[in-house]
Amino acid sequence: MGTVEGIRVSVASRWAKLIIKVSVKSKTSWQVRQLTDMALITNCTSQRIKEAASYLLAGNLVAFPTETVYGLGADACNLSAVSRIYKVKGRPTNHPLIVHLSSIDNLDKWTKDIPTYAVKLAREFWPGPMTLVLPKAKLAEDFVTGGQNNVGVRVPSHTVALLLLKEFEAQGGHGIAAPSANRFGKVSPTCADDVKAELSDYLKSDDLILDGGPSFVGVESTIIDCTNATPMILRPGAITATMINDLLGIQIEIFSKNNSDQIRAPGLLESHYSPKAKVYLSGTPSAGDGFIALSKFPTPSGAVRLISPTTNEEYARTLYQGLRLADSKKLSKVFVIEPAGNDIAVAVCDRLQKAAE
Ligand code: TXA
Ligand code: MG
């Protein structure tokens, strides 16, 4: 392996598809890691990202890193490519996809009637881990919105995601539809190897996985419904209610099953983020059961410690790795002590509660 333009890329073709390993730093552990199942390692950078963009425009799927989790991308204007996302994920087609854009400047192509508060949110928190649901404009077709008259849009902050989006748009694309790159209802991937483990049986030889190292937020974006006079959080994430309240000078509503009889975000009402192991939010583990908690909580005797984060941010960043580790260790039960606080702990608790359903 080597570096071109400060970005290192390796290409795997063992399963006749590619993992492109990209780094914008140097000498990180994941960057130099040898992946034994890679038959071909090559060096490239912006060139590989250009190729990935052209793969997308040709109707193939490209899984790519974002700061939250890895996404499974397709040209959001291409019906057959978007249909493949649903097929590869095993996801019902009425579950809308988030369209990823390189910049707030492209918002008007996809959305209309944007409330002033949404413009404020976008200007403050993009690029970043926030999705805005807005009334849809012409480009947002039913096949990407699940037939709804609104669309979720996000400008991610991960360098590789932004480079890919810019290149995709430079080549004539308008937006990349991308759900988390996992099978429906399962744990989202936070590194390229996890994408491969989840989806390699379903991807084709012309699909790609871009490897940009571990996602540094670790839980999915905050989704905010901006289709009404006041915003509502549909899914908590790293952009917290407090951050939104401080910016807008309001008390933002938070969606719950109890405050709406309408399914606002279909995927939110079902068991999600689930490992094979059963997740328990109370009780004490027996010997051989998994255990997840902040490091200040000692491991109960005989339990298998899966993660030991020191902060709520680290809890979010490592949670999905911990749940996946439970499965790779073939544990049947995982006991969790949820984090407390109004920060990203809210998102961690949300995912844990859904994993435990
Ligand atoms: O961090 C993220 O948001 C990641 C990365 C890849 O960007 N994406 C992601 O997408 O988590 P997905 O599809 O796995 O989860 C999005 C959730 C789904 O439950 C979907 O039903 C809901 O958001 N959703 C998407 N568009 C929506 C819309 N227009 N209205 C209501 N809910 C929507
Ligand atoms: Mg998902």
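For (1) open to solvent by 30 Å² or more (accessible area, probe 1.4 Å); (2) free of Cβ contacts under 8 Å to residues at least 40 places away in the same chain, each residue gets a yes or a no:
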{"position": "ALA326", "(1), (2)": "no, no"}
{"position": "LYS333", "(1), (2)": "yes, no"}
{"position": "PRO339", "(1), (2)": "no, no"}
{"position": "ASN342", "(1), (2)": "yes, no"}
{"position": "ALA345", "(1), (2)": "no, yes"}
{"position": "ASP350", "(1), (2)": "no, no"}
{"position": "GLU357", "(1), (2)": "yes, no"}
Are any of the residues in region 137-146 over 19 Å from ILE344 (Cβ atoms), open to solvent by less than 20 Å² (accessible area, probe 1.4 Å), in contact with a Pro (Cβ under 9 Å, 6 or more places away or on another chain) and not small (Gly, Ala, Ser)? yes
So which of TYR117, TYR55 is away from ligand 1 (no atom under 13 Å from the Cβ), open to solvent by 20 Å² or more (accessible area, probe 1.4 Å), among the aromatic types (Phe, Trp, Tyr) and at pLDDT 95 or above? TYR117
Of (1) within 27 Å of TYR273 (Cβ to Cβ); (2) over 20 Å from the mean Cα position of the chain (by Cα); (3) among the aromatic types (Phe, Trp, Tyr), PHE125 fails just (2)
If HIS95 satisfies all but one of (1) out of contact with any strand residue (DSSP E or B) (no Cβ under 9 Å at 6 or more places or on another chain); (2) at pLDDT 95 or above; (3) within 16 Å of ligand 2 (Cβ to nearest atom), what's the number of the condition it fails? (2)
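Restrict the check to region 104-114 and report whether at least one residue is over 26 Å from THR240 (Cα atoms), more than 19 Å from the chain's Cα centre (by Cα), surrounded by 22 or more Cβ atoms within 10 Å (Cβ to Cβ) and in contact (Cβ under 8 Å) with a residue 12 or more places away in the chain.
no
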Return a yes/no flag: does region 206-220 have any residue that is touching a Phe, Trp or Tyr at 6+ places or on another chain (Cβ under 9 Å), open to solvent by 20 Å² or more (accessible area, probe 1.4 Å) and of a type in the set (Asp, Glu). yes
If we keep just the residues of region 174-208 that are β-branched (Val, Ile, Thr) and within 22 Å of VAL155 (Cβ to Cβ), which is modelled with the lowest pLDDT? VAL195
Those residues of region 291-309 which are over 18 Å from GLN321 (Cα atoms) and among the basic types (Lys, Arg), in sequence order: LYS296
Can you tell me which residue within region 160-193, out of those that are more than 13 Å from ligand 2 (Cβ to nearest atom) and over 30 Å from LYS138 (Cβ atoms), is most open to solvent (accessible area, probe 1.4 Å)? ASP193
Residue list for region 291-324, restricted to those being free of Cβ contacts under 8 Å to residues at least 40 places away in the same chain and in a loop (DSSP other than H, G, I, E, B): SER295, LYS296, PRO298, THR299, PRO300, SER301, GLY302, ALA303, SER308, PRO309, THR310, THR311
May I ask you to list the residues in region 79-91 that are touching a helix residue (DSSP H, G or I) at 6+ places or on another chain (Cβ under 8 Å) and open to solvent by 40 Å² or more (accessible area, probe 1.4 Å)? LEU79, SER83, ARG91
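The values are calculated or read from the model by the stated rules, or taken from the named source; none is laboratory data. Bear in mind that the values here come from a model prediction, so they are computed numbers and not experimental data. Methodologically, a virtual Cβ is constructed for each residue, glycine included, from the backbone with ideal geometry; neighbour enumeration extends over all protein chains shown. Protein only, heavy atoms only, side chains kept; ligands, DNA and RNA dropped before computing areas. Shrake-Rupley method; radii C 1.70, N 1.55, O 1.52, S 1.80 Å.
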